Amino acid sequence: MTDAIIVTEGLQRRFGALVAVADISFSVERGEIFGVLGPNGAGKSTLIRMLCGILDPSGGRGQVVGHDIEREPEAIKRRIGYMTQRFSLYEDLSVEENLRFYAGVYGLSGRKRKQRVEELLESSGLAPRRRQLAGTLSGGWKQRVALTCAIVHDPPLIFLDEPTAGVDPVSRRSFWNRIHELSARGTTVLVTTHYMDEAERCHRLAFISAGRLLDVGTPEQIVARRDLHVAELEVDDGLAAEAALTAHPAVDEVSHFGRVLRLACVGIDAEMLAAEVLEEAGVAIRSSRPGRPTVEDAFVSIAKRDNDPALAKRGAA
Amino acid sequence: MSLSRLLAIAVKELLQLRRDRLTLGMMVVLPMMQLLLFGYAIDTDVRHMQTAVFDQDRSAASRDLVQRMVATGFYDVVGHVHGYAQTRRALRSGEASVALVIPANYEAHLRAGEPNQVQLVVDGSDPQTVSSALNTASGLVASLSGEQTRVALARCGVQGPAAIELVPSTWYNPELRTSVFIVPGLVGVILTMTMVMLTSMAIARERERGTLEQLVVSPVKPVELVLGKIAPFVVLGVVQMSLILGLGHAIFYVPMRGNLGSLYLMALLFISANLALGLFFSTIAKTQQQAMQMSFFFLLPNILLSGFMFPFAAMPRPAQILGEALPLTHFLRIVRGIALKGATMADLGREVVSLAAILAVLVMLASLRFSKKLA
Ligand SMILES: Nc1ncnc2c1ncn2[C@@H]1O[C@H](COP(=O)(O)OP(=O)(O)O)[C@@H](O)[C@H]1O
Ligand SMILES: [Mg+2]
């Protein structure tokens, strides 16, 4: 680990009998955009809360910005920004008042605070809306204000918990541009999401499911590790083809867009497999070409593979 | 502790309060309604008790007795009854709360100097009536028999002993008007109610709206949060207090005999204590509704045990101990002392110390309870 800003070892959190986060070890390098992916209830928010020092772990250790998450949470809090899952703005305060409040809470005062707020209003394009009450903003604008509030003290590390949930595609895109700008200036970003296009824009990814870390790496590494093969086929009878292919054990995923079927499988050439299976099923293939495996294919594959043997594993543990 | 963080929170609360017209309106209307309600409706003096007369003598002497009783102002004769059955009916139906029973040979016995008995039947379901009725009647009868003795002695040529007269001299509230006593106390009760309620919801609201998580993850210290949230409401409390005192003076002629400045100074302690208590509730309550219920629940012992409704001295010991722990108990002594008796800060030193101690404990409790952790 050269320059890790987050390091965890066997981090764990239980709520009664429920294990929300189980034995997670990973690290995040300074300046990275680190994505955490996982279905709802996977433990993403719980993990972030522990890293922010606002939730005690039930086991394991963690260091964030050089401080122990259990022993020095206050030292961590001064140096991180956190955008909670539902944008925590004061809806009865204006955009500017929200910013000024958070600036004050982070210890800025007087001229410094004023300057910083002006600077942020400009750089995030919020200036025209400065007097609008936060409660009357649309989702995209709220998200923009919430992000700005989270970086009001210019922290070296920010946590964004599902920042784009329920936000329109245009806002999502500009939000990600902003994240890349921050990253380019040296800010480390840990972001949770379940949008795959967003996952592809992260430098590195962690995939967690049911509290367990299933894989970590760059998007390319994660895809490459799976040994995935993808074929895009045009067929006569899409439904019949899908049924036949889905039933085959080597097939990970079949999706169809009109007449075009997309097929992903592990360790076998997808085009050859399709030719065999569909001939047997009596479906004619009009055209066939190889496709590029995506992060989404990788995650579907991981989740699927995890589900069957995992059930047995978890029962034993 | 950072002043700028404290200030940031106080300013935020003020801004939110300014936009919350409903709460602001309530803070003004509520005290006025309570003032009128308590000031006009509550009168613990029992005057003009409805009296039924069962006069079996129908003599000059018996009529004289009835007249004297009416003259005290405590008895209004609502009718004459004949027989105990009617007396009972009058009391049971509530037509009368007192009945005077004069025996058949009242005047004859009086003349003959024989022992005489007049009966006063009182509706005991309202204890306040009982004591009022018995007190005035026995006073009246005692002076009447004293008079009779002297008349009898004089007839025998003996100068009887001079009657001893008790001259009551009531200081501070000579007309014994309830409102003069109630209104200053009302300042305390209303402040307790509104201040505790306002802040009890303060943290619960942040929890409900999800902003608490954002606060908890910031470097803000619990004590900064507690003091920052209290500060703006202190101003509101002072405004409320002025409103009640001013209206009380204008409508009910409640005097202000002591120094107004020292009253306000001591009121600051009291207001802050209530706010800190509300905040403490707020750290326990999960939702705003729970917080609201807690503050209502808290109001009851305040009204019962503080000496607002019932005299503190007459309460049983355990109730008094509980009462001493309530900020209102001390503030009542302060506000009544200053407004009605012209007491000074030095006279009230004990109450000030008690209030300050309660405030310190509450701020500490609220700060300790406000954990910067979730779950
Ligand atoms: N405060 C809590 N008390 C009890 N269970 C909780 C609490 N917070 C989270 N959980 C549970 O922990 C699991 C993980 O939740 P969370 O971290 O919010 O998942 P995610 O953010 O990935 O959707 C869920 O099953 C959730 O119900
Ligand atoms: Mg979550």
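The values are calculated or read from the model by the stated rules, or taken from the named source; none is laboratory data. Since this is a predicted model, take the numbers as computed values, not measurements. Glycine also receives a Cβ, built like all others from the backbone with ideal geometry; neighbour counts cover every protein chain displayed.
At-a-glance table
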item	result
Leading residue by the ranking (nearest to A:Val7 (Cα to Cα)) among those in the stretch A:19-40 that are away from ligand 1 (no atom under 15 Å from the Cβ) and surrounded by fewer than 16 Cβ atoms within 10 Å (Cβ to Cβ)	A:Ser25
Pair list, Cβ < 7 Å and 6+ apart or interchain, from the stretch B:145-163 residues that are closer than 16 Å to B:Glu107 by Cα and assigned by TED's automatic domain parsing to the domain that holds B:Glu107 to residues that are at pLDDT 75 or above and among the hydrophobic types (A, V, I, L, M, F, W, C)	B:Gln148/B:Leu110
Criterion violated by A:Ala20 - all others in (1) within 16 Å of ligand 2 (Cβ to nearest atom); (2) closer than 30 Å to B:Leu17 by Cα satisfied	(2)
Flag for A:Tyr102 being more than 16 Å from ligand 1 (Cβ to nearest atom) and within 8 Å of chain B (Cβ to nearest Cβ)	yes
Residues being outside any loop (DSSP other than H, G, I, E, B), over 15 Å from A:Met83 (Cβ atoms) and either within 16 Å of ligand 2 (Cβ to nearest atom) or not charged (D, E, K, R) (or both) - total across the stretch A:25-46	6
Those residues of the stretch B:210-224 which are within 7 Å of chain A (Cβ to nearest Cβ) and either assigned to a loop (DSSP other than H, G, I, E, B) or farther than 13 Å from A:Pro73 by Cβ (or both), in sequence order	B:Gly210, B:Thr211, B:Glu213, B:Gln214, B:Val217, B:Ser218, B:Pro219, B:Val220
B:Leu134 being free of Cβ contacts under 8 Å to residues at least 40 places away in the same chain and surrounded by fewer than 15 Cβ atoms within 10 Å (Cβ to Cβ)	yes
Residue tally, condition at pLDDT 90 or above, within 15 Å of B:Leu279 (Cα to Cα) and polar (S, T, N, Q), over the stretch B:176-211	1
Of all residues in the stretch B:88-127 being in contact with a helix residue (DSSP H, G or I) (Cβ under 9 Å, 6 or more places away or on another chain) and of a type in the set (Asp, Glu), the one that is surrounded by the fewest Cβ atoms within 10 Å (Cβ to Cβ)	B:Glu114
Only listed residue being crowded, with 24+ Cβ neighbours inside 10 Å, assigned by TED's automatic domain parsing to the domain that holds A:Gly140, farther than 25 Å from A:Phe299 by Cβ and not hydrophobic (A, V, I, L, M, F, W, C), chosen from A:Gly110, A:Gly66, A:Gly104	A:Gly104
Hits in the stretch A:183-197 - residues which are away from ligand 2 (no atom under 15 Å from the Cβ) and either of a type outside the set (A, V, I, L, M) or without any contact (Cβ under 8 Å) to a residue 12 or more places away in the chain (or both)	A:Ser183, A:Ala184, A:Arg185, A:Gly186, A:Thr187, A:Thr188, A:Asp197
Residues satisfying the stated conditions in the stretch A:51-78, i.e. within 13 Å of ligand 1 (Cβ to nearest atom), part of a helix (DSSP H, G or I) and facing chain B (nearest Cβ under 10 Å)	none
Spans of strands (runs of 3 or more DSSP E) in the stretch B:1-118 with at least 3 residues over 30 Å from B:Arg155 (Cβ atoms)	B:49-55, B:75-80
Residue within the stretch B:11-23 that is in contact with a helix residue (DSSP H, G or I) (Cβ under 9 Å, 6 or more places away or on another chain), buried (at least 20 other Cβ atoms within 10 Å of the Cβ) and away from every other protein chain (no Cβ under 14 Å) present	no
Qualifying positions in the stretch B:253-286 - modelled with pLDDT under 90 and of a type in the set (Val, Ile, Thr)	B:Val254, B:Thr283, B:Ile284
Every pair of residues 6+ apart whose Cβ atoms lie under 6 Å, when the first sits in the stretch A:83-97 and is under 23 Å from A:Val191 (Cα atoms) while the second is within 16 Å of ligand 1 (Cβ to nearest atom) and part of a loop (DSSP other than H, G, I, E, B)	A:Met83/A:Pro163; A:Thr84/A:Asp161; A:Gln85/A:Asp161; A:Gln85/A:Glu162; A:Arg86/B:Gly210; A:Ser88/B:Gly210
Qualifying residue in the stretch B:281-292 (condition: surrounded by 15 or more Cβ atoms within 10 Å (Cβ to Cβ), more than 14 Å from the chain's Cα centre (by Cα) and part of a loop (DSSP other than H, G, I, E, B))	yes
